[in-house]
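Step one of this worksheet: look at the structure below.
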Amino acid sequence: MKIGEALREVRLNLGLSQAKMCEGIVQRPFYALVESGKSGIRAESLIMLLIKHEVDINYFYNLVMDSYVTSEAQIDRMLQNKMEYAVNSKNIKSINYYKNKIIRSSSDEILKLRAQVTAAYFNNQLDDINDEICQKIYKEFDKENWIKSPALLRLLANTMPLWKHEILSSRIKHLLHTVQRKKVESELMLERYVRIFENYLVTCYDQKKYKSAEDACFIKEIIDYILNNVTSFHFMIYRFHAYYMLALFENDQQELANIQKILIEYGYEDLIGSWPT
């Protein structure tokens, strides 16, 4: 929906009149034009409205996003979501299908790289990925700004099994020490970082890179960061995953069984199907 429509939905959900909604920010006649789509609104005024009424900006973004992205971007997002669902359910046939769809129809080179590596991983064909693709991926992370790029964070999350362990660990240590020094600015960015860290834990487990004292120490540092910083209720699955990975590294079969039992009882059986065992 458009910005005006989204503001109207928010206002009605809050049970406010137009006058109360815009009081102290813009005039009611002008605000009425915004809601009806007959006038735009300055970014500053929009942010003031959202902050005044404690409207989650990510929620508002999701309301309006589809109306302001290109049709090509919408298709890419749909294919990305389909691919993620196939990965979570370990549906190899669907993974291969959506990988091919992405290669054929998308102009997003990073999305294509992610799809190629993801499909190769689930088909046990990582050795077939040529060195040119590996170097292309590494090059994306030579720049400092990769830490704040959602597209590059997703690329890192999806291509970890392809990386040489020393190079990957160096990038993850840089990321961890950066976010430890600086407060993460939003829950959305925190979630992105936590996904990176948890994918790294899985990669270490799959590649048996956790037995040396150095690797074990760094893995413990990552798990501690997740447990100390993931506190929101809707992020609880990440805490469970961290505890699950800790139990895997320690070969604590009883703890693994307890975590699986709890998550199945809460309806997460399909999700944990993609977790390592």
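The values are calculated or read from the model by the stated rules, or taken from the named source; none is laboratory data. Keep in mind the model is a prediction, meaning the values are calculated, not measured. All Cβ positions, glycine included, derive from the backbone under ideal geometry; neighbour counts span all protein chains shown. The protein model used for the area step is the full one, side chains on, heavy atoms only, and it has no ligands, DNA or RNA in it. Shrake-Rupley method; radii C 1.70, N 1.55, O 1.52, S 1.80 Å.
Please determine, in degrees from 0 to 90 and to the nearest 10, the orientation of helix 213-229 with respect to the longest principal axis defined by the Cα atoms of the chain, where the helix direction is its Cα long axis. The answer is roughly 20 degrees.
Compared with the dominant principal axis of the Cα atoms in the chain, helix 150-159 is inclined by about 20°. For segment 223-268, what class follows from the C-alpha gyration tensor (a ≥ b ≥ c being the square roots of its eigenvalues): rounded when a/c is under 1.5, otherwise prolate if a/b is larger than b/c, else oblate? The shape class here is oblate.
Per residue, the accessible area of segment 19-118 comes to 60 Å² when a 1.4 Å probe rolls over the protein heavy atoms. For segment 59-146, a crude dipole built from +1 on the beta carbon of Lys and Arg and -1 on the beta carbon of Asp and Glu, taken about the Cα centre, is about 420 debye to the nearest 20. The listed residues Glu255, Glu44, Glu35 rank as Glu44, Glu255, Glu35 when sorted by accessible area, largest first, using a 1.4 Å probe. With R₀ set to 22 Å, the beta-carbon distance separating Asp224 from Tyr266 gives a calculated FRET efficiency near 0.35.
Residues considered: Asn251, Asn100, Asn158. Largest GNM mean-square fluctuation over the chain, using C-alpha springs under 10 Å, is found at Asn251. The label-point distance for Asn13 and Tyr138, in a model that sets each label 7 Å from Cα toward Cβ, rounds to 4.6 nm. Subtracting the Cα-Cα distance of Arg42 and Asn145 from 0.36 nm times their residue separation leaves 34.2 nm of extension gain.
As a length-normalised measure over Cα pairs under 8 Å and 6 or more apart, the relative contact order of the chain settles at 13 percent. Expressed as a whole percent, the accessible area of segment 39-154 that falls on carbon and sulfur atoms is 50 (1.4 Å probe).
Any chance you could give the angle, 0 to 90 degrees and rounded to 10, that helix 236-249 forms with the longest Cα principal axis of the chain? Taking Cα atoms only, the helix is inclined about 10 degrees.
Once the Cβ-Cβ distance of Asp127 and His177 is raised to the sixth power relative to R0 = 35 Å, the FRET efficiency obtained is 0.65. By definition, a body whose alpha carbon gyration tensor gives a ≥ b ≥ c is oblate when a/c is 1.5 or more and a/b is not larger than b/c, and segment 160-274 fits this oblate description.
Phi angles of segment 173-188 translate, via the Karplus equation with coefficients 6.51, -1.76, 1.60 and θ = phi - 60°, into HN-Hα couplings of 5, 4, 5, 4, 5, 5, 6, 5, 7, 10, 5, 5, 6, 8, 5, 4 Hz per residue; Gly and Pro are given as x.
The P(r) of segment 39-145 has a tail past 18 Å containing 63 percent of all C-alpha pairs. For segment 180-253, the carbon plus sulfur part of the accessible surface works out to 51%, probe radius 1.4 Å.
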